[in-house]
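The values are calculated or read from the model by the stated rules, or taken from the named source; none is laboratory data. These numbers were taken from a predicted model, which means no experiment stands behind them. When we count neighbours, we look across all protein chains shown, and the Cβ atoms used for this are built from the backbone with ideal geometry, even at glycine. For the accessible areas, the whole protein counts, side chains as well, though only heavy atoms, and no ligand, DNA or RNA atoms are used. Shrake-Rupley method; radii C 1.70, N 1.55, O 1.52, S 1.80 Å.
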Amino acid sequence: MPGGYAGKWLEVDLSKDKIEEVTYSDKILEQYFGGRGLAAKIAWDKVGDKWSEMDPLAPESPLMVYTGPMTAIYPGTRICVSGKSPVSMGTVGSTAATELANEMKSAGYDGVTFMGKADKPVYLLITDNSAELVDASHLWGLDGEKTLIKLNKEVTDELTKRKPNVGLWKDPGMIYIGPAGENLIRNAAVLAKICHAAGYGGYGSLMGSKNLKAVVAKGRGTLPVVDAPEATILLWKKTHEHLMARSAMRRQGTGYAGYAVGADTSSEPIRNWQEEWHDEKSFGGPMFETRFWVKKKWADFNCTTNCMKVSCIKTGPWKGDITDMPDYELQAYCGTNFGIFDPEANIHLSALADQLGHSGINGPNTAGFAVELHQRGILSDEDFGFKPKWGDVETFDKILRMMAYREGIGDVLAEGTYKAAFLIAKMKGKKPEELLKYAVHVKGIEVGAHGTRSDADYTHDISYAASVQGGDHTSVASDGYNDMSGAVFTDSAVFCNFTYYGVPQSLVFDFAKAITGFPMTLHGWRSVTGPRIVTLQKALLMMGGPGLKWEPIKDDDNPPRFYEPLPSGPYKGKTTDKAVVDQKLQAYFDTLGWDNRGIPTKETLKKLDLAFLEKSMAKLR
Amino acid sequence: MVKPIWISRDYDACSGCRRCELACSIHHEGWMWPEASRVRVFMPFPGLEVPHLCSQCQDYPCIESCKFDALSIDPDTDAVIVDREACTSCGLCITACPGTVPTLHPGDNKANICDLCGGEPKCVEVCVEAGYNALTIVHEEPNIHRKLYSRNPVDTARDLAVKMFGEKGLEVIE
C-alpha cells in the first residue's frame, strides 16, 4: 500500500445491513488519488452505463465519504463527500472541515461507500478496525446543533462503557444532516461542527434519501504510515511556517470580506445578484468582530491558518445563535443577497441555515431567487402566505424554514434554484426562460458569492461556465492546466484550500510525494492526473440524469444575469464578455482534449486510461 | 533549562488545531499519533477546546496510588516519569488523578503521562510558535493552584461554554 493510506475502505449496504472492507489497487490510487478523484471513479464503477438513467436519490445511488492520502498529515484536515449529485447529475468533490477525517484514519479506514437505503434512520459508528450501524430514530428530525450535542454524548458514553479502563474517551469526529437533508431538499448540505459544511452537490439530500443521519468515528491508532516519514515531518514544519506567515488571513479569516468584496472588487451578490456593489460600512469586519466574535482564532485539526472565528449573539430575540464569523460566503448569501446589511441579522440567518441543514450558499440562493420572482410579479403574496420583502429578516427566516420542511412554496423551492424555475414556470403558465433569467446557477449548482462581471475578483469569464462543478466557487476553471492543481488536487488529496494557497505548489507536491511515494510532480498532476479526474467528472456530468441532460455549449455558460451590465458602483456598466467566454471555452476544451462541444474525444479517453467511458461518450458526440 | 518548569494552560486561547498532539507524538512515538499524545485536546462542543495534560500536583496522587513503583518524579523537571516495564496497566493512576488525565497508551497499553519532554515540551513549542500561547511555560515555584487544573475536561468546557456563549452555554453539552 502506498503511504498515507490507512489501506482499507468500508462498503456499507444500508438495505442489507451489511458492512464489508475493500481495498483498491496501487494503480487506481495513483490514478485517482483519493477524495474527489477516487469518488468519481468508484461512483462510475458502481453505476456504469446506467448513469444517465439513475435517479441520484434512488437506493442504488452510491454515496462516498472519503479522505485522501494527505488528509490529516498535511495541514488543514477535511473530509470529502461525493456521489451522483442530486443537483448537477455529475459528481462534486464536496469537502468539510471536521475531525471525522483524522478519526477515521486513526481507526484504520480511508473512507466509506454507502449503497442502498436503511429501513429506518441510522448512523454509522466507526471504531478501531470496526464499524456498525446504530439506530438513529431518536435523532431524526433534530436540527444540526442538537444532533451534534446528542451524538457527542451518546457515542462518548458508549465507547467509555466498552473500554472504561483506558482513560477518558475524547469526543468523536462526525458529519450529519439536519431537517433539510432528511426532507430531501435537493441542495441540502452535509454538516460538521455546527457551522462547517460540505455544501455543494446536495449530498445532504443523498444522505437523507438513505436514511443516514450521521457518520461518526473515533480511532486510537496512528495516522497512516507514510513513504518517507522524516521528509514528511520536515515538510509539515515547513508548510506550517508558510501558513503562520499569513497574518491577515489568520487575523481576519474571510470575515472581513462581506464589506470588501462588495466595496472593493464589486463582485458580491446583492438581492439575487441584481447588484454586486455596496459600500455599507455597517457590514464591515470590525462590526462583526467587536460585538460578536467570542473566539478569534479557531482552527480544525492540524491547521494554523485558523481562518475561522466563532460568533455568538448574546442578547435579544436571537440570543444563543452560534456560528462562525460568518465566513464571507454566508455573509453574502445570508446577508447582502437578501438585501441585509446588519451583522446581527446575518449571524442569525447563517446559524438558522446551518441548523436547518441547508447549504448556506445554495439554499439561500434559492430563497433570494424566490423573492426576485415576487419582485417581478411571477410569485404572489398568496404563494408565500405573506408579503416577502428584501432586507427583511422575517421574510428569509420564514422561507428558509418553509424550504427545510417543504411547507407551502417551500416544497417547490426545495428542488433547488434550477428545478424550481421549471416547476414555478409550469405552475404559472410561463416559459421556463422567463424565470431562468433570474436563476443564478451553473449546471444546477447555485453560484458561489463571487461574480464575474467586474472581472476584479478571482473569478472570471469561464470560472463557472467551464467548471465540471458548475457554480462551485471553491473549484473554478481557468485554462485547463493551471486550474488542475487547484481544488481538483486539494479535494482529491483532501485538505483545505486555505492551507494550500500561500504555500509554494512545489513544496506541496514534494509533500505529496513524501507521503505517498508516488512519483508525483506538479506538471504530472496538471497534465495527466488532474485532467483524468476532470475528464471523468465531465463525462458523468454530461451523461446527466432522468429528466435532466445538460446541452453542450449552451449549458457551458454563465447565468444570464452575469451578462447584464453592472448597474452600480465603480464597475458600473461592465459585464462578462460573451465573446471571451466562447473563445476561452474552446481553448479550455482543446487543452483538455475534449471536442469543440466539450465532449472528451476517444483519443483523450485512451490516453488518460478512461476507455471505459468511450461507449457513453460516443453516444454524446 | 530553567527549573522549576510547569506548563500553564489558557483555554480561551486554544484554537483547537491539535498541533500539540502531533508534536508530542512525533517526539515520543516518532510519528503522528493523536491518541498516544500526552496532551489531548477535548472538544465537547465546537469552539470549546480544552487541552488536557498532567498538572504535576504537588502531592502527586498518581504516584501515591501506584502499587508497583512504576511512577516517579523526575528530579530535573518534577514531571511524572512512567517506568513502562514496571507498569501493569492496572489504571489506578487514572482513577487517582483528580482530572483523569493519564491514559493507557493505545500501543503498549502502559500509563501515558506528560514527561515535559525532559524540560523542553514540544507542545508548548508549536503552540507558542503559532502565536496561540494556550500552552506556555512558567518558571515559578509550585503553587497550590496547579492541582485545580487537574479536572475533567468536559467540566472545564461547561464553564467555558457559559463564559463564551452566555445562557446558551448551559445547553451545549449534554
Consider all pairwise Cα distances in the range A:246-446 and report the whole-number % of them above 20 Å. 55
Mind ranking A:Glu433, A:Glu614 by accessible surface for me, highest first, 1.4 Å probe? A:Glu433, A:Glu614
Quick check: the distance between the Cα centres of the range A:411-467 and the range A:358-401, to the nearest angstrom? 15
What fraction of the DSSP beta bridges in chain A is antiparallel, stated in percent and rounded to the nearest 5? 80
In a shell of Cβ-Cβ distance under 11 Å around A:Tyr203, excluding A:Tyr203 itself, what net charge do Lys and Arg (+1) and Asp and Glu (-1) give? +3
Protein-only accessible surface order, largest first, of A:Glu21, A:Glu280 at 1.4 Å: A:Glu21, A:Glu280
Reported to the nearest 10 Å², B:Glu35 has, with a 1.4 Å probe, an accessible area equal to 10
Given A:Gly178, A:Ser209, A:Val581, which one lies farthest toward the positive end of the charge dipole of the protein assembly as shown, if we put +1 on the Cβ of every Lys and Arg and -1 on the Cβ of every Asp and Glu? A:Val581
At the level of C-alpha centres, the distance separating the range B:44-99 and the range A:311-326, in angstrom, is 39
Can you compute the modelled spin-label distance between A:Asp411 and B:Thr136, with each label point 7 Å from Cα toward Cβ, in nm? 6.0
Over the heavy atoms of A:Lys615, what accessible area does a 1.4 Å probe trace out, to the nearest 10 Å²? 130
Can you find, among A:Val488, A:Val528, A:Leu436, the residue farthest towards the positive end of the dipole of the range A:385-530? Put +1 on the C-beta of Lys and Arg, -1 on that of Asp and Glu. A:Leu436
Find out how many positive minus negative residues lie around A:Trp298, taking Lys and Arg as positive, Asp and Glu as negative, among other residues whose Cβ is under 12 Å from that of A:Trp298. +1
Round to the nearest 0.05 the FRET efficiency obtained for B:Glu167 and A:Ser130 when R0 = 25 Å and r is the Cβ-Cβ distance. 0.05
Cα centre as origin, Lys/Arg/Asp/Glu Cβ charges: the range B:6-173 dipole, Debye: 500
State, as an integer percentage, the relative contact order of the range B:6-173 based on alpha-carbon contacts under 8 Å between residues 6 or more apart. 28
Within the range A:113-257, what percent of beta bridges assigned by DSSP are antiparallel, to the nearest 5? 75
Apply 1/(1 + (r/R0)^6) to the Cβ-Cβ distance of A:Asn165 and A:Lys619, taking R0 = 60 Å, and write down the FRET efficiency to the nearest 0.05. 0.45
Cα→Cβ-extended label distance, 7 Å offset, between A:Met244 and A:Thr315, nm: 3.9
If r is the Cβ-Cβ distance from A:Ser380 to A:Asn596 and R0 is 45 Å, what FRET efficiency results, to the nearest 0.05? 0.50
Taking 7 Å along the Cα-to-C-beta vector as the label spot, tell me the A:Tyr501-A:Leu423 distance in nanometres, rounded to one decimal. 3.4
Listed by chain and number, the residues whose amide H is under 5 Å from that of B:Leu71, excluding neighbours fewer than 5 places away on the same chain and using placed H, are B:Asp83
Per q in 0.11, 0.16, 0.18 Å⁻¹, report the Debye log10 I(q)/I(0) for the range B:6-173, using one uniform scatterer on each alpha carbon and no solvent. -0.44, -0.93, -1.17
Quote the accessible area belonging to A:His450 in square angstrom, nearest 10, computed with a 1.4 Å probe and with ligands, DNA and RNA left uncounted. 20
